1. Kindly evaluate Lys216 against the criterion of being over 24 Å from Ile43 (Cβ atoms), assigned by TED's automatic domain parsing to the domain that holds Phe76 and under 23 Å from the mean Cα position of the chain (by Cα).
2. Count, please, the residues in segment 81-109 that happen to be assigned to a helix (DSSP H, G or I) and touching a helix residue (DSSP H, G or I) at 6+ places or on another chain (Cβ under 8 Å).
3. In the set Ala135, Ala129, which member is outside the structural domain of Thr194 (by TED's automatic domain parsing) and in contact with an Asp or Glu (Cβ under 8 Å, 6 or more places away or on another chain)?
4. One residue is enough: does segment 304-315 have a residue meeting the conditions charged (D, E, K, R) and under 25 Å from Asp39 (Cα atoms)?
5. So if I check each of Leu143, Leu147, Leu158, which one is in contact with a Leu (Cβ under 9 Å, 6 or more places away or on another chain), outside the structural domain of Phe76 (by TED's automatic domain parsing) and over 26 Å from Glu114 (Cβ atoms)?
6. Sort through Leu198, Leu229 and tell me the only one that's of a type in the set (A, V, I, L, M, F, W, C), surrounded by 12 or more Cβ atoms within 10 Å (Cβ to Cβ), over 24 Å from Asp22 (Cβ atoms) and modelled with pLDDT of 90 or more.
7. Looking at segment 1-22, which of the residues that are out of contact with any strand residue (DSSP E or B) (no Cβ under 9 Å at 6 or more places or on another chain) and over 17 Å from Gln192 (Cα atoms) is surrounded by the most Cβ atoms within 10 Å (Cβ to Cβ)?
8. Which one is farthest from the chain's Cα centre (by Cα), of the residues in segment 262-315 that are acidic (Asp, Glu) and within 22 Å of Arg203 (Cα to Cα)?
Amino acid sequence: MTSKNKTAVVAIIGPTGTGKTDLSIELAKQFNGEIVALDSRTIYKKMDIGTAKPSVEQQIEVKHHALDLLEPTRFFTVAEYIEIAKEAINTISAQGKLPILCGGTGLYARALLEGIQIPTVKPQTELRAQLDELAKQKGNEELHSRLAEIDPVSAARLNVNDLRRIIRALEVSIISGKPFSQLATQVESPFQTTWIGLNWNDRDLHKKILTERLNKHLQAGLLEEVTKLWPNSNYQAVLSNSINYKEFIPHINGSESLDEACTQCIRNNFQLARKQMIWFRTRPFINWILIDETHSFTNTMDKSTKMLPDYLLHR
């Protein structure tokens, strides 16, 4: 605990393809830590290769939390994640170990570590199905318009094509009787967070790394993983909204070549990295390490260690 009675945590964040997992594991080994995933897709069982989930060997080496929480049959709410992650952090800290958060889902990081209180309305399966059907019949614009009527603030913030979040905002607003935007409030965070961000300065090099990673995933059986999961209709909503899965669906269905699917997959990963950095750049408290300027993992590890406050170095 810090002097303010806040639980000390380290957050390893940044866009996809920057080596966050390897760094978090090495820090955990050096500072007696355990890892809590900050990722909206590794929470799903069976989605292993495409989510770049820590391997079985890595999970044996260092204990991980907030992985494999549920089957990919529905979307996980931020409120659900916060509840599970907080419990994991408290358990790790109570054992005298260092909680290390690792991942690239900015919304999870903000809600958990910056003290954003998220509405706790549980998923409403029937209502979601009705809204989804309405979108299929009348288009996303219809749902976006309905959201604008009851919660103009959320409607203005959400793109008309962000169907999943539009449905969630409608769901919460309808069930709670209050606009979704009024239910998310700022509270004091219970954590004293040391933020370490990993990124590439050279975008072309980053794209090359993402391409190499996809090739490794394909060699490890990514296409087989998607092919096995896709026939299950209960999984299709999540898979259709998950990078490294949705790109291969046209190929599985016979409408695209494997090369076309891979090209789209690399493009989507690169666009995801750009979107992640748009959010992360707004957080002035993040200590950044540019991977292509450190030249080696050892140097990245050394820089990360120097960013840790004294109360963590001398625990």
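1. No: the conditions fail for Lys216.
2. Residues flagged as assigned to a helix (DSSP H, G or I) and touching a helix residue (DSSP H, G or I) at 6+ places or on another chain (Cβ under 8 Å) within segment 81-109 amount to 7.
3. Numbers: Ala129 fails: in contact with an Asp or Glu (Cβ under 8 Å, 6 or more places away or on another chain).
The unique qualifying residue is Ala135.
4. no
5. Matching residue, one of Leu143, Leu147, Leu158: Leu143.
6. Details: Leu198 fails: over 24 Å from Asp22 (Cβ atoms).
Selected residue: Leu229, the only one of Leu198, Leu229 that is of a type in the set (A, V, I, L, M, F, W, C), surrounded by 12 or more Cβ atoms within 10 Å (Cβ to Cβ), over 24 Å from Asp22 (Cβ atoms) and modelled with pLDDT of 90 or more.
7. Gly17
8. Taking the candidates together, the pick is Glu293.
The values are calculated or read from the model by the stated rules, or taken from the named source; none is laboratory data. Quantities reported herein were computed from a predicted structural model and do not represent experimental measurements. FYI the Cβ positions are ideal-geometry reconstructions off the backbone, even for glycines, and counts take in every protein chain you see.
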